[in-house]
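Participant: This is the structure, below, for whatever I ask next.
The values are calculated or read from the model by the stated rules, or taken from the named source; none is laboratory data. All figures in this text were calculated on a predicted structure; none of them were measured in a lab. For neighbour counting, all protein chains shown are included, and Cβ atoms are generated from backbone atoms with ideal geometry for every residue, glycine included. Surface accessibility is based on the protein's heavy atoms, side chains included, excluding ligands, DNA and RNA. Shrake-Rupley method; radii C 1.70, N 1.55, O 1.52, S 1.80 Å.
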Amino acid sequence: MVDREAGIPTLRAPTLSPPALSAIFVGFVNIGLMGFGGGLTASVRREVVTRRGWLDDRQFLSGYALSQLVPGATNINLAVFIGSQLRGLAGALVAFAGLTAPPLVIMLTLGALYFHMQGHAGAEWFSIGLSGMGAVAVGLNLGTGIRLARRNIRKLGPAAIMATVALSTGVAGIPLVYVLAVMIPASLLLAWAIPRS
Amino acid sequence: MTQILLQLASLFVVLSVLAFGGGAGVIPDMQRAVVDTNHWMTAREFLDMFAISRAAPGPGSLIVVLIGQKVAGPAGAAVSFVAMFTPSCVVIFFVSRIWHRAGQSAWREIVERAFAPIAVGLTFASGLVLLRGSEHSLASYAVTVIATVAFAFTEINPLFLLGGGAAALLALGG
């Protein structure tokens, strides 16, 4: 795999002509199949920003923040958001279907396997293997955070906001609603007061 | 049967609307409803389903189809899926249309710049929450750290890391 991110400026112009619905579907099938557990956001960014260039990092990040702000599973919201930005209602439906259909089949198959294996020898191994993949998925999530921070956070103010959000929700366990109620106005004020450089 | 399907539908519609900050946040509520209130399964079974949903590709919130499948077969899985995702998808769709109509306006530019550090912070936070929420052994922590560094600083394929993680824990016995 080549490093496609090297040399690409952070503020890249969005693609001029919107992608075909079939391309959106295939893109989100890839995302769903390559994105495990906590690593799913990493997978969305890889496909939509790095590989296909449908959105730049800032558009992706604002979609991600909006997906967290409204209720529901973040990455499913993000798929609906991106599909809708690219091709309206049809794009949203196609992105949702692509993201959920193959994993749905796999999940039901694994579930059937699990119900079948319950109480049999080998169930414990199955469970250990699963937890190993779970541990990697957490790492994929943190690794994506590092990548995003290196490329998008260049000033002290935004860095402080990033760290406060991460630590207050991730370590102190303060409910997200309170954190966002304080940090969104603070970050808006900062963005408004300090024009883009 | 209809009774159980209605129970599943109302449970997941409510959880869908309450799931601020992502699907993982409602897992404790889900467990309470499924294990303690309705006695549909044991806590151990719920934990196993959670592990499957985390390790299987795709959105972890698809755990609802496993619960539906266990409780009421394929019809239960279908009802749970529709109930969990329809309300939240409708909301984000209308938000995204408003966003789209804002085009290149000045307020959208400011909001985008303001949201970037918050979104990056949330990415770290969700990883940290998962780390605290699961029973991590020393070996799991090591796997998580190696995966973090490898994914952040190399172009390694995530599937390779996932396979390696499963193999490492199996070799070390958990």
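Participant: In chain B, with Lys and Arg counted as +1 and Asp and Glu as -1 at Cβ, which of these residues, B:Gly76, B:Leu15, B:Met41, has the Cα nearest the positive end of the dipole, that is, farthest along it?
Facilitator: Toward the positive end, the furthest listed residue is B:Leu15.
Participant: Something else about it: Pick out the long, greasy-scoring helices in chain A: whole DSSP H runs spanning 30 Å or more along their own axis by Cα, mean Kyte-Doolittle at least 0.0.
Facilitator: Details: long enough: A:74-117 (43 Å, 1.31); A:123-152 (44 Å, 0.50).
In chain A, the long hydrophobic H runs are A:74-117, A:123-152.
Participant: Among A:Pro175, B:Gln31, A:Met117, which residue has its Cα positioned farthest towards the positive end of the charge dipole of the protein assembly as shown, with +1 placed on the Cβ of Lys and Arg, -1 on the Cβ of Asp and Glu, and the dipole taken about the Cα centre?
Facilitator: Value: A:Pro175.
Participant: Still on this model: How many partner chain Cβ atoms sit within 10 Å of a residue's Cβ in peptide A:101-109, on average, as a whole number?
Facilitator: Values: counts 1, 2, 8, 7, 1, 5, 15, 8, 1.
Other-chain Cβ atoms within 10 Å of each residue's Cβ, averaged: 5.
Participant: Given C-alpha coordinates of segment B:1-70, what is the ratio Rg to Rh with the Kirkwood estimate of Rh?
Facilitator: Values: Rg = 11.5 Å, Rh = 12.3 Å.
For segment B:1-70, the value is 0.93.
Participant: Mind checking the mean number of beta-carbon atoms from other chains within 10 Å of the Cβ atoms in B:78-91? Don't skip to the end; give the middle numbers.
Facilitator: Numbers: counts 0, 0, 0, 2, 0, 0, 3, 7, 1, 2, 9, 11, 3, 6.
Averaged over the peptide's residues, the number is 3.
Participant: If you don't mind, another one. Between A:Leu189 and A:Leu89, how many nm apart are label points set 7 Å from Cα along the C-beta direction?
Facilitator: Spacing of the two 7 Å Cα→Cβ label points: 4.2 nm.
Participant: Ok, one more. Once Lys and Arg get +1 and Asp and Glu get -1 on their Cβ, which of B:Ser137, A:Val70, B:Trp99 lies farthest toward the positive end of the dipole of the protein assembly as shown?
Facilitator: Result: B:Trp99.
Participant: Once every Cα of segment B:36-113 carries one equal point scatterer and solvent is ignored, give the base-10 log of I(q)/I(0) from the Debye formula at q = 0.12, 0.13, 0.17 Å⁻¹, two decimals.
Facilitator: Cα-only, vacuum Debye calculation for segment B:36-113: -0.53, -0.58, -0.75.
Participant: Principal axis extents for segment B:20-174, Cα atoms only, whole Å, descending order, please.
Facilitator: 55, 43, 24
Participant: Quick one: dipole size for segment B:77-174, taken about the Cα centre, charges +1 on Lys/Arg Cβ and -1 on Asp/Glu Cβ, in debye to the nearest 20.
Facilitator: Values: 5 positive and 4 negative charges, 67 e Å.
So the magnitude is around 320 debye.
Participant: So what is the relative contact order of chain A, in percent, for Cα pairs below 8 Å that sit 6 or more residues apart? If you can, show how the numbers build up before the last one.
Facilitator: Values: 161 pairs, mean separation 43.0, N = 197.
The normalised contact order for chain A reaches 22 percent.
Participant: Tally up the carbon and sulfur contribution to the accessible surface of segment B:63-133 as a whole percent, 1.4 Å probe, everything protein left in place. Please list the in-between numbers first.
Facilitator: Numbers: 1890 of 2640 Å².
Using a 1.4 Å probe with all protein chains present, segment B:63-133 comes out at 72 percent carbon and sulfur.
Participant: Using a 10 Å cut-off on Cβ atoms, rank the peptides A:157-164, A:80-87, A:176-183 from the highest mean neighbour count down.
Facilitator: Numbers: A:157-164: 19.2, A:80-87: 25.6, A:176-183: 16.2.
Peptide ranking by packing, descending: A:80-87, A:157-164, A:176-183.
Participant: In units of 2.2 N^0.38 Å, what is the alpha-carbon radius of gyration of segment A:111-159?
Facilitator: On the way: Rg = 18.8 Å, N = 49, 2.2 N^0.38 = 9.7 Å.
Output field value: 1.95.
Participant: Please give the average number of partner chain Cβ atoms lying within 10 Å of the Cβ of each residue in A:166-177, rounded to a whole number.
Facilitator: Average per residue, whole number: 5.
Participant: Can I ask one more? Can you pull out the buried accessible area for chains A and B, both sides counted, probe 1.4 Å, rounded to the nearest 100 Å²?
Facilitator: Numbers: alone 12460 and 11850 Å², together 15720 Å².
Summing both sides, the interface buries roughly 8600 Å².
Participant: So, with +1 on the Cβ of K and R and -1 on the Cβ of D and E, and no other charges, what is the size of the charge dipole of segment B:1-125 about its Cα centre, to the nearest 20 debye? Write down the numbers at each step before the final one.
Facilitator: Details: 8 positive and 6 negative charges, 51 e Å.
In debye, rounded to 20, segment B:1-125 gives about 240.
Participant: Starting from segment A:129-178, pick out the trypsin sites (Lys or Arg not before Pro) whose DSSP state is loop and whose Cβ has at most 15 other Cβ atoms within 10 Å.
Facilitator: Working: sites: A:Arg147, A:Arg150, A:Arg151, A:Arg154, A:Lys155; in loops: A:Arg154, A:Lys155.
Filter output for segment A:129-178: A:Arg154, A:Lys155.
Participant: What spacing in nm lies between the two simple spin-label points modelled at A:Ser22 and B:Ala75, each 7 Å away from Cα in the Cβ direction?
Facilitator: 3.8 nm
Participant: Loop-only check: which GluC sites (Glu not before Pro) in segment B:75-174 are DSSP coil with at most 14 other Cβ within 10 angstrom?
Facilitator: Qualifying residues, ordered by number: B:Glu135, B:Glu155.
Participant: Here is a follow-up. Once every Cα of chain A carries one equal point scatterer and solvent is ignored, give the base-10 log of I(q)/I(0) from the Debye formula at q = 0.10, 0.11, 0.15 Å⁻¹, two decimals.
Facilitator: Relative scattering, expressed as log10 I(q)/I(0), comes to -0.50, -0.61, -1.06.
Participant: Treating the beta-carbon of each Lys and Arg as +1 and of each Asp and Glu as -1, no other charges, what is the dipole magnitude of chain A about its Cα centre, to the nearest 20 debye? Before the final figure, lay out the partial values.
Facilitator: Numbers: 14 positive and 6 negative charges, 136 e Å.
Taking the Cα centre of chain A as origin, the dipole is about 660 debye.
Participant: Something else: Using square roots of five times the C-alpha gyration tensor eigenvalues, list the equivalent-ellipsoid semi-axes of the protein assembly as shown in whole Å, biggest first. Don't jump to the answer; show the numbers that get you there.
Facilitator: Numbers: eigenvalues 204, 110, 78 Å².
The answer is 32, 23, 20 Å, longest axis first.
Participant: Next question. Keeping all protein chains in place and using 1.4 angstrom, which order do A:Trp125, A:Trp54 fall into by accessible surface area, from largest down? Write down the numbers at each step before the final one.
Facilitator: Numbers: A:Trp125 170, A:Trp54 20 Å².
Output order, biggest surface exposure first: A:Trp125, A:Trp54.
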